[in-house]
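Comments concern the structure below.
The values are calculated or read from the model by the stated rules, or taken from the named source; none is laboratory data. Predicted model, so just to flag it, every value in this text is computed and none were measured. Glycine gets a Cβ as well: all are built from the backbone with ideal geometry, and neighbour counts include every protein chain shown. With ligands, DNA and RNA removed, areas are computed over all heavy atoms of the protein, side chains included. Shrake-Rupley method; radii C 1.70, N 1.55, O 1.52, S 1.80 Å.
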Amino acid sequence: MRTPGRSLRPALAAAVLATGAALAPAADRTVLSIGAHAGDAEITTGALLARHHRLGDRVVMLHLTLGEGGNPKVSPVAYGEQKRREALAAARALGAEALFGPWKDGQLRDEEETVRYVADVIRQVKPTHVITHWKTSLHPDHAATHRIVNEAVLLASLEGFESAHPRHRGLRGVYYADNWEDAEGFAPYVYVDVTEDLAAWRGAVMSYEFIRGGISTFPYLEYYEALARVRGAVAGKRFATALEVDPIAKKRVLDALP
Ligand SMILES: [Zn+2]
């Protein structure tokens, strides 16, 4: 399902530009963070989600798969059940709602069925802000999620896409998360101060065994805490979450210099 992608960029640019002007009042936002595998959204955007929950906004995570193939010592069925429990605990700790897609780890494709599913979730959740994976990734599921979400954002806004829910036109911006697996070509653009939310993030992501250590050799907790410190240092904050946007969305049109 690639056709909508062609016409998507201007729509996205408008959505992001509309956000640029002023910060919305608290409780005015719904932030939807969409990850390929349970754990992706929390490890990369959990501090930001905790912050928005604290500000009174609604925060939702959609995990397209459980990431159930990530533990060589446990069957995908057993590890999937564990990941679902861990994801629910992490969501509770962040003050977020958790939604689970029906797909299997390693089998995400940007096909019509997947795009329509995500478009329908967007119509139901009605996000003001969507965050997902950057376009290039070591993991094919992550790269597919980027394309699926961008196509779904457009589809959700179109009258012509018929589903049980009305079209959603309230999206102000699509952002991409700072993920070690999606680092190629990722240039931080937006920095959000999460100094007061890092403890909540740490508590939430520790719900996952793969983040506590013992499954993967990748030092998730140390990497992402150090990353938040590095992004914060550049932003003049203690800790920050950095996000990328589409290149065309970086165009700003002003009446005069700010
Ligand atoms: Zn992942």
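With the structure loaded, tell me whether residue 132 is out of contact with any helix residue (DSSP H, G or I) (no Cβ under 6 Å at 6 or more places or on another chain), of a type in the set (Val, Ile, Thr) and within 16 Å of the ligand (Cβ to nearest atom) or whether it fails that test.
Against the criterion (out of contact with any helix residue (DSSP H, G or I) (no Cβ under 6 Å at 6 or more places or on another chain), of a type in the set (Val, Ile, Thr) and within 16 Å of the ligand (Cβ to nearest atom)), residue 132 does not qualify.
When the residues of the stretch 33-80 are filtered to those that are among the charged types (D, E, K, R) and within 21 Å of residue 241 (Cβ to Cβ), which remaining residue is surrounded by the most Cβ atoms within 10 Å (Cβ to Cβ)?
The qualifying residue surrounded by the most Cβ atoms within 10 Å (Cβ to Cβ) is 42.
Go through (1) under 14 Å from residue 34 (Cβ atoms); (2) crowded, with 22+ Cβ neighbours inside 10 Å one by one and return the number of the condition residue 110 breaks.
The one condition residue 110 does not meet is (2).
Look at the stretch 45-78 and say how many of its residues are among the polar types (S, T, N, Q), more than 19 Å from residue 126 (Cβ to Cβ) and within 16 Å of the ligand (Cβ to nearest atom).
Qualifying residue count, the stretch 45-78: 2.
Which residue, of 81, 86, 42, is more than 16 Å from the ligand (Cβ to nearest atom), acidic (Asp, Glu), under 15 Å from residue 208 (Cβ atoms) and part of a helix (DSSP H, G or I)?
Matching residue, one of 81, 86, 42: 81.
Within the stretch 81-100, is even one residue open to solvent by 50 Å² or more (accessible area, probe 1.4 Å), in contact with a strand residue (DSSP E or B) (Cβ under 9 Å, 6 or more places away or on another chain) and under 18 Å from residue 149 (Cα atoms)?
yes
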